[in-house]
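Taken together, the values in this text are just the output of simple stated rules run on the coordinates, not laboratory data. Bear in mind the structure is a predicted one, so any value in this text is a computation, not a measurement.
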Amino acid sequence: MAKFWPVRSIGQTIPSNYLDKRLEDDKEYGVNLFKPDNGACIKWLNDRPKGSVAYVSFGSAAKLEVEQMEELAWGLRRSKTNFLRVVRESEAAKVPKASVEETSEKVLVVSWCPKMEVLAHEAAGCFITHCG
């Protein structure tokens, strides 16, 4: 293909299972910056109704200030929806503990989860991310 179209992939590529499904077992990117723990995220999503979860992840480079973390927690808590929130271990201390405890039945906070699997899951209703 490269001899016809001189194209290079920059950033994430999407495994076949999420596009054309020609390679049924192709679900992985092949490289993970963090230790994968798919089980907790997917198990939690399996217990949620279709389209009921807001997936909140700002990627591995974004750094939010304490005030921004508090505002985000306040907004998510007020939404009264289920949400899966990814917060890197290095940022975890900024998450207000009270917000997690108050919404423990509706929230799962993890340090990493499989993005494509979460986005493809029927429980995922929206994706909140940082573009900056």
- Full-stretch length increase - K50, E91 - with 0.36 nm per residue and alpha-carbon distance subtracted: 11.8 nm
- Item | Long pairs among K50/K106; K63/K106; K43/K97; K94/K115; K50/K97, criterion Cα-Cα beyond 19 Å | K63/K106; K43/K97; K94/K115; K50/K97
- Quick one: grab the alpha carbon gyration tensor of segment 35-128, order the square roots of its eigenvalues as a ≥ b ≥ c, and give me rounded if a/c is under 1.5, else prolate or oblate depending on whether a/b is larger than b/c. oblate
